[in-house]
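The block underneath contains the structure these notes are about, expressed in structure tokens.
The values are calculated or read from the model by the stated rules, or taken from the named source; none is laboratory data. None of the values given here were measured: they were computed from a predicted structure. Cβ placement follows ideal geometry from the backbone for every residue including glycine, while neighbour counts extend to all protein chains displayed.
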């Protein structure tokens, strides 16, 4: 996690592999999850925390621009991408 001027961003590695599948159903695992049960539990925990805190999330396996927020949707979550625009320093 990085923070500056009251804003925070968290960088995710392999918390999510397939956003379109795992955000709506965090319990879905993939072959890359060495311990499928632990991976699903951690994914659910991270998604819930990110949604509750509204923290900005960035990750390699996320849809362009790879930065956004999670919001609760049905039984899972939905990805809300950050607006891709220039910000003056």
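Applying the selection to region 34-89, what residues are in contact (Cβ under 8 Å) with a residue 12 or more places away in the chain, surrounded by 13 or more Cβ atoms within 10 Å (Cβ to Cβ) and over 16 Å from residue 24 (Cα atoms)?
55, 56, 57, 58, 59, 67, 82
Considering each of 16, 30, 34 in turn, give the residue that is more than 15 Å from the chain's Cα centre (by Cα), in a loop (DSSP other than H, G, I, E, B) and closer than 22 Å to residue 74 by Cβ. Don't jump to the end; show me each part of the working.
On the way: 16 fails: more than 15 Å from the chain's Cα centre (by Cα); 34 fails: closer than 22 Å to residue 74 by Cβ.
Residue meeting the stated conditions: 30.
Looking only at region 20-33, filter to residues that are surrounded by fewer than 17 Cβ atoms within 10 Å (Cβ to Cβ) and in contact with a strand residue (DSSP E or B) (Cβ under 8 Å, 6 or more places away or on another chain); which one of those is nearest to residue 64 (Cα to Cα)?
24
Out of the residues in region 37-63 meeting the condition of being assigned to a helix (DSSP H, G or I) and in contact with a strand residue (DSSP E or B) (Cβ under 6 Å, 6 or more places away or on another chain), tell me which one is farthest from residue 14 (Cα to Cα). Break it down into steps so the answer makes sense when it comes.
From region 37-63, those assigned to a helix (DSSP H, G or I) are 37-53; that's our starting set.
Within this subset, residues satisfying the condition of being in contact with a strand residue (DSSP E or B) (Cβ under 6 Å, 6 or more places away or on another chain) are 47, 50-51.
Working: 47: 13, 50: 15, 51: 18 Å.
In this case the residue turns out to be 51.
I'd like to check something: does region 64-77 contain any residue that is at pLDDT 95 or above, under 10 Å from the mean Cα position of the chain (by Cα) and not in a strand (DSSP E or B)?
No, there is no match, as no residue in region 64-77 is at pLDDT 95 or above, under 10 Å from the mean Cα position of the chain (by Cα) and not in a strand (DSSP E or B).
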